[in-house]
Amino acid sequence: MNSPHNPSRRSVVRTLAGLSLVCAAPVWAQPSKAPRVPTVAQIVDTSTSQIDVSKDFLVGSRAAWQEINSRGGLQGTPVKHLVLEVDGSAASLRSAVELLKNEAHCVALFGTAGDRAASQLVGILGRELPELAHVAPWLQNVEAVASSSTFTIFASRQEQIAHAIKSLSVMGISQVGAVYGSAAEHTAYKADLQQVAKALKLSIVSYTTPGDLRDLAQSLHADSPRVLLFVGGTPELVRFSQGVEKQEVQRYIIAMSDVNLQSIQQMGMSRFTPMIATQVVPMVNSSLPIVRAYRAALGKFFDEPPTPLSLAGYMSARYTHEVLQGMDGTINRANALQAFARRSAVDLGGFRIAPDARSRGTAYVTQSMIAADGRLIG
């Protein structure tokens, strides 16, 4: 049974529904006699296609800030972790930014999840709120450095694909397929993946359908690429994999790190099609100090199993705190932006982040093979 201090995954997801932009505004507007505390904001996309990523990422972030505040907060002051729920549309993202403009005590925006929301926010913040640091978002796009106020730390989709393809190089790969879970993913990511393929000297064949992904999978023929990069949500990936298993030709599916591995295991992927899942964080059973700290915090504050996505949320918050802790002068938005702009190297419990003007600070990628019985290998 879950204790009041250890909410279940369902209760966390239900809580998301109460953290809407409409609910957030009165909290800021109401006068209070209590001193205002430094605030870090987090925008999470809870639309149907993104909730599978956002819910785990948010759990990890919350665990981190509860742990941080239990140990003194930011320079001895507790930190307010403010979550803003959006539906992924440009209008909802702009509404969130408008609220942040009027919240003077918000010193940084961190851990935006998922990828589409983070990508859109890079442009919106660059135009409308460039003085607010946008830190460690769940941003897979290779064009993430388009804004001088966005500070990424996780490896890009290009680096994930390169790592996965390298592991399959013994097969003599010269062509890959790109399967998009929906028309929205196709529109958002086609150019990105074409750029990745060109850099890796691969030809690429794109697949999308307005219908059932299982039917799309079954329409593949003998000459279709054997290695398929899947860009889309977890339910769509499972559906596609179940169609691929009916094929006579052995194929390999490469899933990017923005799918939820735990959900794939629970939903029942194909038993016959090897699936390689890239990850941009260490394995959750790693002995690295940052991972041990994550498991301890997750066990203390939430009744949740460790997952790569919640580890990423935890690391996003811990990196944000580490840089803010070392800022000069008053804890405010301007000094926070300067602290991140210095791009100093940070050793996050054995996970080194050394960003500069041209890089994310790490190209760390590992991968797991999802076995026929659902176990993660690697």
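The values are calculated or read from the model by the stated rules, or taken from the named source; none is laboratory data. Fair warning: this is a prediction, and the values are worked out from it, not measured in the lab. Every residue, glycine among them, receives a Cβ derived from its backbone with ideal geometry; neighbour counts consider all protein chains shown. All accessible areas refer to the heavy atoms of the entire protein, side chains included, with ligands and DNA or RNA removed. Shrake-Rupley method; radii C 1.70, N 1.55, O 1.52, S 1.80 Å.
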Exercise for the section: Check the range 138-151 and report whether any residue there is under 21 Å from Glu85 (Cα atoms), at pLDDT below 90 and among the charged types (D, E, K, R). Expected result: no
Completion exercise
Apart from one, (1) within 17 Å of Tyr319 (Cα to Cα); (2) out of contact with any strand residue (DSSP E or B) (no Cβ under 6 Å at 6 or more places or on another chain); (3) buried (at least 21 other Cβ atoms within 10 Å of the Cβ) all hold for Asp56; the odd one out is (1)
Completion exercise
Residue set Met275, Met269, Met256, Met327; condition over 21 Å from the mean Cα position of the chain (by Cα), modelled with pLDDT under 85 and aliphatic (A, V, I, L, M); output residue Met269
Exercise for the section: Would you mention how many residues in the range 302-320 are open to solvent by 30 Å² or more (accessible area, probe 1.4 Å) and within 29 Å of Asn335 (Cβ to Cβ)? Expected result: 1
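What do you reckon, is Thr366 farther than 29 Å from Gln158 by Cβ and either at pLDDT below 95 or touching a helix residue (DSSP H, G or I) at 6+ places or on another chain (Cβ under 6 Å) (or both)?
Values: farther than 29 Å from Gln158 by Cβ: no; either at pLDDT below 95 or touching a helix residue (DSSP H, G or I) at 6+ places or on another chain (Cβ under 6 Å) (or both): yes.
Spelling it out, it is not the case that Thr366 is farther than 29 Å from Gln158 by Cβ and either at pLDDT below 95 or touching a helix residue (DSSP H, G or I) at 6+ places or on another chain (Cβ under 6 Å) (or both).
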Handout entry: Qualifying positions in the range 178-211 - open to solvent by less than 40 Å² (accessible area, probe 1.4 Å), touching a residue at least 24 places away in the same chain (Cβ under 8 Å) and polar (S, T, N, Q)
Key = Ser182
